[in-house]
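The values are calculated or read from the model by the stated rules, or taken from the named source; none is laboratory data. Keep in mind that this is a model prediction, so the values were computed, not measured. Because the Cβ atoms are built from the backbone with ideal geometry, glycine has one as well, and the counts that use them run over all protein chains shown. To get the accessible areas, we keep the full protein, side chains included, count just its heavy atoms, and leave off ligands, DNA and RNA. Shrake-Rupley method; radii C 1.70, N 1.55, O 1.52, S 1.80 Å.
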Amino acid sequence: MKIMNKIWRRFKKLVKPIALSKKPEELQQIISYSKNETPLTLVHVSAFNYGNAGDVLLPIVLQDTWQHEFGKIDWINQKVYSEVDIELVNRINESNGVVIGGGGLFLRDTNPNEISGWQWPCSIEMLNQIKVPVILYAVGYNRFRGQEEFEPFFTENICAFAEKATYIGLRNYGSINAIENYLPERLHNKLRFQPCMTTFIAQLYPNEFNYDDKQNFIAFNAAFDRSHLRFGEKIGDILSKTAQVLKELSIIIPIKFYSHLPSDDAIIPFLQSYEVPFELVNLHQKHPKEIIEAYVRPKLVIGMRGHAQMIPFGCKTPILSIVSHDKLQWFLDDIGKPEWAVDVLSTWYKDELKSKALDVLSKTMEIKTFINEKQKELYQISIKNVSDSITEIKHKTL
C-alpha cells in the first residue's frame, strides 16, 4: 500500500489543474430553437468550464430546459468566478432576469472569496441593487465529507439570496436539508427540489441520440479532486480493491475508462499494476454531443464523479456509484435506488462493488424501463420550476 500511495502521489503531481478563466467562450449547441413571439433576455451565471466533461454539459442542458418550455431565449453568459460589480449589476438589470446554475456552487474552495463564501462572489450590497428576478436553478451543496465549515459570512449571504430569489432550486434533497441549516425557518419555503438537467437528457433530446444502442462494455470513472477528503488514509487500499474488481469483471465484459479531467487518470497506475485490460476514453474538452454519445453506449457505468452518475442516468444507461461524496448517495436516495451505491468507507467495499455490478448487469432492460419513467418525473418537476420562473419574470419585467 505504501508503494501504491507513492505511485499515485507522483502521478498526481504531473497533472496540472485547469485554470479558472473569467470570460466564457461561445456556448456549443446540441439543438436550436425557433424565436419566441415575446423576446426574453436572461443573464446566465455558471461555471462554463470547458475542461471538465460534466461542466461542459451543465450550462447547455440548463438553457435547453428553459427553452423547451419557452422557446428561444437570448442568453448572456457570465462566468461565476468574477466578482460582481456595478457594471455587471447594470447588465443584469438591463435583462429580464438572472439564472444562476447549475452545479455544486455551494463550495468554499473552488473560487475562495471573502464576499459570499461560495462560488459566486456577489456581495449583499450588489445583490440588493439587482432589480430583476433572481433564480438559482439546479445548484448543489457540494461540501465534502470532513471539509471545513463555511465561513459565517456565507450564512449572511445565503440568507440574503433566499430573501431576494424567486426560489433556490437545489439538485437533491440532501442539499435542501443542508441549506436549511443556514436559513431561518421562515425562508425554508424558498428552497425547492430542482434536479440536475443532465439526469433527463433523453427528454431534452429524444431524437438526437439512440438511447437503446447499448454495447457490451462497462464504462468506469474515477475522481481525485480533494482526494484526502474522498478516501482518507486508505486511498491505496480503496483504489487497489477497485482495480481488483475491475480485473475480475474484465473476464466477462470489456472495460473502458472514461476520463472527465486529466486528474482522473491518477487511477491508471492502479489499473496497470493489477493488469486490468481497459480502453482509455478522454472526455475532457470534447463537444457536448460526443460526451452524450459516449454515455449512451455502455451497458453499465461505474462512476465516482457526480456527473459520471447523472449523465449516464440521463442517457438511460444503468449506473452503479462509488460514493466518496455524499451527493452521489443523495441522488440515488431521491430516485428511490439507494442500493445502486457502494461507499468507499464500507467494510465490505470490494465484495459489494463486484456483487452489485453483476446484479445491475443482469437487469439491463428492467433498469432502463425504471430510468425512463423516473426521467419523466424529473423533467416535469423541472419544467414546472421553469414555468414558475417565467411567470415571475413576465410579471416583473414584461
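Evaluated over segment 148-296, the count of Lys pairs having alpha-carbon atoms less than 29 Å apart is 13 (only pairs 8 or more residues apart or interchain). The sum of -39500 (n - 2.57) across all DSSP H runs of n ≥ 4, divided by the residue count of the chain, sets its helix-only mean residue ellipticity at 222 nm to -12500 deg cm²/dmol.
Rounded, prolate or oblate: which fits segment 91-136, taking a ≥ b ≥ c as square roots of the Cα gyration tensor eigenvalues, rounded meaning a/c under 1.5, else prolate when a/b beats b/c? Since a/c reaches 1.5 but b/c is at least a/b, the shape of segment 91-136 is classed as oblate. Take the Cα of T41, step 7 Å toward its Cβ, do the same at K394, and the gap between the two points is 2.0 nm.
Taking a straight Cα-Cα cut-off under 16 Å and skipping sequence neighbours fewer than 8 places away in the same chain, the aspartates and glutamates within cross-link reach of K79 are E25, E26, D55, E87.
For the pair E373 and R192, what calculated FRET efficiency results from E = 1/(1 + (r/R0)^6), where r is the Cβ-Cβ distance and R0 = 22 Å, to the nearest 0.05? All intermediate terms of the calculation are to be shown ahead of the outcome.
Values: r = 22 Å, r/R0 = 0.99.
Efficiency, rounded to the nearest 0.05: 0.50.
Extension gain, E293 to D212, is 28.0 nm, computed as 0.36 nm per intervening residue step minus the present C-alpha separation. The DSSP beta bridges internal to the chain are antiparallel in roughly 0% of cases.
Placing R0 at 25 angstrom, the Cβ-Cβ distance between Q285 and Y33 gives a FRET efficiency of 0.45 after rounding to 0.05. What is the local net charge at K241, summed over the other residues whose Cβ is closer than 13 Å to its Cβ (Lys, Arg +1; Asp, Glu -1)? Once positives and negatives cancel, what remains is -1. Rolling a 1.4 Å probe over the protein heavy atoms leaves E156 with an accessible area of roughly 110 Å².
On full extension, the segment bounded by K131 and E248 gains 36.3 nm, given 0.36 nm per residue less the C-alpha separation.
Shape index of segment 249-398: Rg/Rh, with Rg the Cα radius of gyration and Rh the Kirkwood radius from the inverse mean 1/r over Cα pairs, equals 1.04. Cα centroids of segment 161-194 and segment 316-350: 24 Å apart. Between the helical axis of 235-249 and the longest alpha-carbon principal axis of the chain there is an angle of about 70 degrees.
Carbon and sulfur: what percent of the chain's accessible surface (1.4 Å probe)? Carbon-and-sulfur percentage of accessible area, whole number: 48.
Distance between the modelled labels on I86 and I124, one decimal in nanometres: 2.1 nm (7 Å Cα→Cβ projection). Neighbours of Y274 by Cβ distance under 14 Å: Lys/Arg scored +1, Asp/Glu scored -1, total +1. Hydrodynamic estimate: the Kirkwood radius of segment 200-256 over Cα pairs, inserted into Stokes-Einstein at 20 °C and 1.002 mPa s, corresponds to D of 150 µm²/s. Axis of helix 349-361 versus longest Cα principal axis of the chain: the two differ by about 80°, to the nearest ten degrees.
Once you sort the root eigenvalues of the Cα gyration tensor of segment 172-299 as a ≥ b ≥ c, which label holds: rounded (a/c under 1.5), prolate (a/b larger than b/c) or oblate (the other case)?
On the way: a/c = 2.55, a/b = 1.33, b/c = 1.92.
It comes out oblate by the Cα gyration axes.
Rolling a 1.4 Å probe over the heavy atoms of the protein chains gives segment 309-397 an accessible area of 42 Å² per residue.
Compute the FRET efficiency between E275 and E180 as 1/(1 + (r/R0)^6), taking r as their Cβ-Cβ distance and R0 = 51 Å, and round to the nearest 0.05.
0.60
If you take all other residues with their beta carbon under 15 Å from the beta carbon of K190, and give Lys and Arg +1 and Asp and Glu -1, the sum is -2.
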